[in-house]
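Structure record follows, encoded as structure tokens.
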Amino acid sequence: MQAKYEFEKKYRDQILRCSSCGFCQAVCPIFALTLRPALNTRGKMLLLKEVMDGQIELSQELADTFYTCTTCQACNYTCPAGVEGSEIIEEVRKELYRDGFAPPPLLGVRDSILKQGNVFASAQEERIEIYPPELREKARTGELKSNAETLLFMGCLPSYMDMKIVPSFIKALDSAQVDYTTLGTQETCCGFPLYLMGSEEFESQAKKLIDKIRATGARELVTPCAGCYKTFTTLYPEIGDLGLEVYHSVQYFEKLLCEGRIKLTGEVVGKVTYHDPCDLGRSCNIFEEPRNILKKIPGLELIEMARNRLDARCCGGGGGMQAYNPEMAVDMAALRVRDALEVGAEIIVSGCSACKDNLRKGARTIPREERGKIKIMDITEMVTDTLA
């Protein structure tokens, strides 16, 4: 039978391979919150079998099911049949988008990226407001280096919605005397949200940014944004060559520590746990680098949540969920904060600005007498706070 949809051409065998065993249900953050079998990967694969058999058509109702997913990839790693659930869901979203079923909140994000260059529809001039004063002035007056060994790529959320990640990031690199430049007001969204919603505009957005990055002549790119890192390293190679090596800040900080270019001597007295972002952990296998950094901080007691590394519970902030269903995203974050509270953590550290933002929102929904004074930080902050 001739395939009607692109996802069927690419993933028909995998969809049919789903045995409805339910292993994915045990790790799905959506199911943990809703207890609705139709919303886990097994439920989605059963729906796709119906679509391929011609029993149902793609529709707005079906779209609601497939956009209710954080694409955390936990299902991929638990499926005994090797079904790549997250990838299949992303492919189905492309079909839903083309057929006009993409949810309006995500279309609003699309328009913001295409018109304003960022997910918040903010002015590009505001992207540099979070820079330290001296660097901000250079960006405003056009005095940023046109060429440098290292290009810093901040990302949308760290630039517009967080007061600490970018200044901490830059302070650490200044301490190590890294020769860097930035794109300043010319930095635009990497396009990851477009990819997640299934928009065909992702490729054109990526090509424009690839040209800007290559024009700097930089040898390496460093970003504190997990989503940008995943996009640059796993999605862009299918579109074009960035022409440089890409690091996430946790990788780069560990490198600087090993080279002796920065030292962490400030003491942190307390129990700290690390939350593995899906875009760094399951997507890019970055697990030990941030833990190695934290272990070098005097006084810090690193403790692990019951679910960590490949088994880490998604905070709910990925896959477009913060835009599509922010209430559900925050409820999932509260579950992850409770994981940290159960092991007595006083600080949750992550390497993803979206995780930090969502976990903070989730923590605020937990009664004060239960959450105590738990603090959520990005690893850039922890490094800068303890620099020699």
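The values are calculated or read from the model by the stated rules, or taken from the named source; none is laboratory data. If you're wondering where the values come from, they're calculated on a predicted model, not measured in any experiment. Neighbour counts run over all protein chains shown; Cβ positions are idealised from the backbone, glycine included.
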Screening PHE232, PHE287 for residues that are surrounded by fewer than 21 Cβ atoms within 10 Å (Cβ to Cβ) and of a type in the set (Phe, Trp, Tyr) leaves only PHE287
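Would you confirm whether any residue within the range 305-325 is of a type in the set (A, V, I, L, M, F, W, C), in contact with a Phe, Trp or Tyr (Cβ under 6 Å, 6 or more places away or on another chain) and surrounded by fewer than 21 Cβ atoms within 10 Å (Cβ to Cβ)?
Taking the range 305-325 first, the residues of a type in the set (A, V, I, L, M, F, W, C) are 305-306, 310, 312, 314-315, 321, 323.
When the remaining residues are screened for being in contact with a Phe, Trp or Tyr (Cβ under 6 Å, 6 or more places away or on another chain), the result is 310.
Narrowing further to those that are surrounded by fewer than 21 Cβ atoms within 10 Å (Cβ to Cβ): 310.
Yes, there is a match, as at least one residue in the range 305-325 is of a type in the set (A, V, I, L, M, F, W, C), in contact with a Phe, Trp or Tyr (Cβ under 6 Å, 6 or more places away or on another chain) and surrounded by fewer than 21 Cβ atoms within 10 Å (Cβ to Cβ).
Looking at this structure, is GLU126 more than 24 Å from CYS355 (Cα to Cα) and either in the same structural domain as PHE253 (by TED's automatic domain parsing) or not basic (Lys, Arg) (or both)?
No.
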Identify all residues within the range 313-328 that are without any contact (Cβ under 8 Å) to a residue 40 or more places away in the chain and among the aliphatic types (A, V, I, L, M); write none if there are none. none
Identify, from the list ARG338, ARG360, ARG368, the residue that is loosely packed, with under 15 Cβ neighbours inside 10 Å and either over 23 Å from GLN251 (Cβ atoms) or out of contact with any Phe, Trp or Tyr (no Cβ under 7 Å at 6 or more places or on another chain) (or both). ARG368
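Residue by residue, here is whether (1) surrounded by fewer than 21 Cβ atoms within 10 Å (Cβ to Cβ); (2) modelled with pLDDT of 95 or more; (3) not hydroxyl-bearing (Ser, Thr, Tyr) holds:
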position	(1), (2), (3)
MET1	yes, no, yes
PHE7	no, no, yes
LYS10	yes, no, yes
LEU48	no, yes, yes
PHE66	no, yes, yes
Output for Cβ contacts, cut-off 6 Å, separation at least six or different chains, first residue closer than 14 Å to VAL349 by Cα in the range 277-291, second β-branched (Val, Ile, Thr) and in a helix (DSSP H, G or I), reads GLU289/VAL250; PRO290/VAL250; PRO290/ILE379
Just need a number here: residues in the range 172-184 that are closer than 24 Å to ILE239 by Cβ and over 22 Å from the mean Cα position of the chain (by Cα). 1
When residues of the range 112-141 are filtered for being in a helix (DSSP H, G or I) and over 23 Å from ALA63 (Cβ atoms), how many remain? 16
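Please work out if VAL109 is in a helix (DSSP H, G or I), in the same structural domain as TYR195 (by TED's automatic domain parsing) and touching a residue at least 24 places away in the same chain (Cβ under 8 Å).
yes
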Here is a check on your reading of the model: is PHE253 outside the structural domain of ASP179 (by TED's automatic domain parsing) and closer than 28 Å to ALA206 by Cβ? no
Conditions (1) closer than 26 Å to ARG336 by Cβ; (2) in contact with a strand residue (DSSP E or B) (Cβ under 6 Å, 6 or more places away or on another chain); (3) loosely packed, with under 15 Cβ neighbours inside 10 Å: number failed by TYR252: (3)
Working only within the range 61-96, note down all residues that are touching a helix residue (DSSP H, G or I) at 6+ places or on another chain (Cβ under 6 Å) and at positive phi. THR71, GLN73
